[in-house]
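The values are calculated or read from the model by the stated rules, or taken from the named source; none is laboratory data. What you see is a predicted model, and the numbers here were worked out from it, not measured in a lab. Neighbour counts run over all protein chains shown; Cβ positions are idealised from the backbone, glycine included.
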2 protein chains.
Amino acid sequence: MLVSDISEFDLIDKLSCVLGLENERRERDLRASGFDVFVGIGDDGAVWEDISGVKVLTTDTLVEGVHFTLNHSDWHDLGWKTLAVNLSDLAAMGAIPLCSVVTLGLTADIPVNGLLDMYKGMAEISNQYGGAVIGGDIVKSGVFFVTVAMYGRALKRHKILTRGSAKPGDKIGVTGHIGCSSAGFHSLTEISEVNYTDDIQHLRTAHFRPKPRINEGMLLVRHGVRTGMDISDGLIGDLMKLCQSSGVGAVVRSMDVPADQYLKRSYPKKWLDFALSGGEDYELLFTARPDIVQKLAGENDIDFSIIGDITSGISKVRVIDECGRDIDISKSGWDHLASDKNSIK
Amino acid sequence: MLVSDISEFDLIDKLSCVLGLENERRERDLRASGFDVFVGIGDDGAVWEDISGVKVLTTDTLVEGVHFTLNHSDWHDLGWKTLAVNLSDLAAMGAIPLCSVVTLGLTADIPVNGLLDMYKGMAEISNQYGGAVIGGDIVKSGVFFVTVAMYGRALKRHKILTRGSAKPGDKIGVTGHIGCSSAGFHSLTEISEVNYTDDIQHLRTAHFRPKPRINEGMLLVRHGVRTGMDISDGLIGDLMKLCQSSGVGAVVRSMDVPADQYLKRSYPKKWLDFALSGGEDYELLFTARPDIVQKLAGENDIDFSIIGDITSGISKVRVIDECGRDIDISKSGWDHLASDKNSIK
């Protein structure tokens with residue numbers, strides 16, 4: 001069996017099973033020395049507690065030809081985005097970024113000035129959101145890639161967001177607006193569909209310079225939310241992962257999915273596809289009890305929408321239209337989009 | 001200018017200059033909150049101090065076609081080696097490994113069972129040396145690569161090994177024996193040169209399953225050694241980096257370079273080339289005052305050789321033969337070997 005024959009979820013499950021069996025002794029040793037790992041493989045980041053508090057380590061990569069092309073990307077923006085996707089992983093745990101190390105996999109034809117601009121982009125975003133680059137490694141590679149590992153801290157042991165704690169009856173929330181990023185990416189190759197220049201600019205900015213929701217993640221945790229992840233692979237795909245980790249199902253009301261005027265104006269027929277399955281939004285997807293959601297509604301510093309409910313059906317995610325009819329997400333455009341972008345094919 | 005026109009050292013210098021200028025405010029903020037980075041870009045790992053002590057974060061990558069080929073590597077050994085090179089980075093700081101996250105850049109044709117064996121290899125080495133894998137990320141890539149970021153702790157703020165503190169008058173030391181790894185790699189393609197099967201096995205084991213010198217790094221630090229790095233790019237190449245970081249020169253006596261009987265027997269004419277410039281030894285290269293070296297000589301748990309002296313000539317590394325004559329390392333075979341393997345071409 002090749003990795004192209006298996007889902008990412010199943011592969012991660014098999015790999016963590018190997019480590020779980022083999023690492024037991026080592027983990028016991030670590031715990032005995034006061035180092036307690038309590039969120040391991042399968043979440044947005046790994047989390048442990050030591051005498052100084054709760055720490056988070058996460059890693060994310062952008063590969064040329066898969067996550068970006070040098071034809072379309074500005075180097076400065078590429079630097080911004082490589083850190084943004086890692087900052088978003090920390091936001092998805094409700095954690096605070098501290099520092100990071102960067103691995104550059106370089107082909108011979110990469111321009112030095114491009115890399116310098118990329119590092120300026122990294123410095124710009126870490127000045128705003130944290131996670132300053134303090135080290136790294138350079139290797140020769142057949143494909144250009146940038147991997148970042150980012151280290152941060154959480155407020156307390158039980159004050160983090162994980163994927164595995166959603167419960168039937170929880171409301172499903174999403175911060176900000178979604179769909180703009182993938183529409184912006186789409187507009188790069190299909191420009192004739194879109195008429196408004198300012199709108200295109202807005203969509204592309206969402207794609208190239210996503211804003212990590214660090215403050216939003218911390219506010220969610222402070223208000224009692226405990227289940228969350230960031231939307232990198234598309235709302236439906238990521239909600240499925242969350243449901244699989246939690247052993248629950250979900251119903252999403254398509255009319256409550258937050259899309260902004262720029263997206264709706266630019267793609268009046270396709271905006272919902274982008275919002276449901278486009279991906280690379282880096283907004284936070286969370287679930288919480290109704291009373292916690294009510295408290296959150298009184299918080300001025302977080303912009304969010306409630307888009308549906310967690311149900312007891314295991315791993316079954318439904319999307320319904322304004323008449324309550326099921327939208328078939330298994331055969332629809334967005335499922336293909338998601339699979340095209342995210343499976344290891 | 002492309003990255004193929006510049007040395008790795010110069011590229012790192014330029015990149016860290018960008019970050020240094022741009023990150024100043026953020027670093028001040030971090031320090032104000034008790035998070036003090038005191039070894040940054042350019043060493044084996046990044047080091048900071050917080051209220052719980054001194055912490056180290058390092059990252060290293062193996063890329064298919066650059067650092068290994070699937071024709072020659074056993075998957076289990078590949079898993080061992082991906083963690084070994086990161087454990088070696090921590091050993092090179094005199095630090096203790098705690099945990100790590102793994103990024104898999106996967107092409108579609110990678111077999112799932114291969115990855116499972118690779119993770120068994122990772123679990124085996126982390127059970128012996130630490131650095132248990134607790135998370136990671138999987139991405140699609142045009143080239144198969146494995147990046148590891150490893151987190152560890154050091155004994156105290158000033159009890160670490162760095163590259164920038166060598167002083168004229170220091171002795172130059174190397175742990176264990178060197179050259180076997182690159183000879184083992186060489187033997188894979190030029191088998192007819194070697195006659196002894198057990199010797200080949202020994203050389204290849206050195207290449208595929210290097211032993212990280214975690215205990216040796218800690219013992220060096222405990223005995224007062226403060227300058228060191230691991231030998232990944234070849235003794236001479238790495239000594240040059242150390243001298244460049246410290247603003248000193250070095251003289252190495254070729255007859256004191258430690259090579260074992262297996263290497264000398266297998267390659268009677270070429271053993272010194274492998275030992276001086278082969279690379280991937282993952283032994284520790286260190287410098288220390290003569291009185292510290294004398295104390296170290298009484299320590300049973302560390303096997304090391306003194307191979308030369310640090311001098312005051314800036315960044316000039318000489319190798320002399322048993323008659324005191326200079327060996328020309330600029331034009332010799334080992335320089336080519338090193339450049340072939342390590343430059344970003």
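What the table below lists for this structure:
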quantity: Candidate set from region B:112-128 (those that are under 23 Å from the mean Cα position of the chain (by Cα) and more than 8 Å from every other protein chain (Cβ to nearest Cβ)); member that is farthest from A:Asp50 (Cα to Cα); calculated: B:Met118
quantity: Some residue of region B:2-24 being facing another protein chain (nearest Cβ under 7 Å), among the aromatic types (Phe, Trp, Tyr) and either touching a Gly at 6+ places or on another chain (Cβ under 9 Å) or surrounded by 15 or more Cβ atoms within 10 Å (Cβ to Cβ) (or both); calculated: no
quantity: Qualifying strands (runs of 3 or more DSSP E) (wholly inside region A:26-113; at least 2 residues being among the small types (Gly, Ala, Ser) and crowded, with 24+ Cβ neighbours inside 10 Å); calculated: A:96-106
quantity: Filtered residues of region A:162-180 (kept if farther than 14 Å from A:Gly308 by Cβ and among the small types (Gly, Ala, Ser)); calculated: A:Gly164, A:Ser165, A:Gly176, A:Gly179
quantity: Filtered residues of region A:230-260 (kept if touching a Phe, Trp or Tyr at 6+ places or on another chain (Cβ under 6 Å) and either assigned to a helix (DSSP H, G or I) or surrounded by fewer than 24 Cβ atoms within 10 Å (Cβ to Cβ) (or both)); calculated: A:Ala259
quantity: Pairs where the first residue, in region B:138-153, is among the polar types (S, T, N, Q) and the second is buried (at least 24 other Cβ atoms within 10 Å of the Cβ), C-beta under 6 Å, 6+ apart; calculated: B:Ser141/B:Gly105; B:Thr147/A:Thr103; B:Thr147/A:Thr147; B:Thr147/B:Thr61; B:Thr147/B:Thr103
quantity: Which listed residue, of A:Val37, A:Val66, is among the aliphatic types (A, V, I, L, M), over 28 Å from A:Asp117 (Cβ atoms) and not assigned by TED's automatic domain parsing to the domain that holds A:Met229; calculated: A:Val37
quantity: A:Val18 being in contact with a strand residue (DSSP E or B) (Cβ under 8 Å, 6 or more places away or on another chain) and either hydrophobic (A, V, I, L, M, F, W, C) or outside the structural domain of A:Ser315 (by TED's automatic domain parsing) (or both); calculated: no
quantity: Check on B:Asp301, touching a Leu at 6+ places or on another chain (Cβ under 8 Å) and either over 27 Å from B:Thr197 (Cβ atoms) or in a helix (DSSP H, G or I) (or both); calculated: yes
quantity: Evaluation of B:Asp109 against (1) facing chain A (nearest Cβ under 7 Å); (2) closer than 20 Å to B:Tyr282 by Cβ; (3) modelled with pLDDT of 90 or more (one fails), failing number; calculated: (2)
quantity: Members of region B:129-139 that are over 25 Å from A:Thr162 (Cβ atoms) and either part of a strand (DSSP E or B) or more than 9 Å from chain A (Cβ to nearest Cβ) (or both); calculated: B:Tyr129
quantity: Residues that are within 18 Å of the chain's Cα centre (by Cα) and of a type in the set (A, V, I, L, M), drawn from region B:144-173; calculated: B:Val146, B:Val148, B:Ala149, B:Met150, B:Ala154, B:Ile160, B:Leu161, B:Ala166, B:Ile172
quantity: Qualifying residue in region A:49-66 (condition: free of Cβ contacts under 8 Å to residues at least 24 places away in the same chain and out of contact with any Gly (no Cβ under 9 Å at 6 or more places or on another chain)); calculated: no
quantity: Residues (part of a loop (DSSP other than H, G, I, E, B) and surrounded by fewer than 20 Cβ atoms within 10 Å (Cβ to Cβ)) located in region A:261-298; calculated: A:Pro268, A:Lys269, A:Lys270, A:Arg289, A:Gly298
quantity: Considering residues of region B:310-332 that are at negative phi and under 20 Å from the mean Cα position of the chain (by Cα) only, the residue modelled with the lowest pLDDT; calculated: B:Val317
quantity: Residue match in region A:147-165 (condition: more than 20 Å from A:Leu219 (Cα to Cα), in contact with a strand residue (DSSP E or B) (Cβ under 9 Å, 6 or more places away or on another chain) and more than 10 Å from chain B (Cβ to nearest Cβ)); calculated: no
quantity: The one condition in (1) free of Cβ contacts under 8 Å to residues at least 60 places away in the same chain; (2) within 14 Å of chain B (Cβ to nearest Cβ) that A:Ser232 fails to fulfil; calculated: (1)
quantity: Condition broken by A:Ser165, with the remaining ones in (1) surrounded by fewer than 22 Cβ atoms within 10 Å (Cβ to Cβ); (2) in the same structural domain as A:Leu276 (by TED's automatic domain parsing); (3) in a loop (DSSP other than H, G, I, E, B) satisfied; calculated: (2)
quantity: Residue list for region B:261-286, filter: under 21 Å from B:Ala84 (Cα atoms) and of a type in the set (D, E, K, R); calculated: B:Glu280, B:Asp281, B:Glu283
quantity: Residue within region A:43-61 that is small (Gly, Ala, Ser), away from chain B (no Cβ under 12 Å) and within 24 Å of B:Trp48 (Cα to Cα) present; calculated: no
quantity: One residue from A:Arg213, A:Arg226, A:Arg209, A:Arg204 being of a type in the set (Lys, Arg) and crowded, with 24+ Cβ neighbours inside 10 Å; calculated: A:Arg213
quantity: Failed condition for A:Asp117, given (1) closer than 16 Å to B:Val101 by Cα; (2) part of a helix (DSSP H, G or I); (3) in contact with a helix residue (DSSP H, G or I) (Cβ under 8 Å, 6 or more places away or on another chain); (4) not polar (S, T, N, Q); calculated: (1)
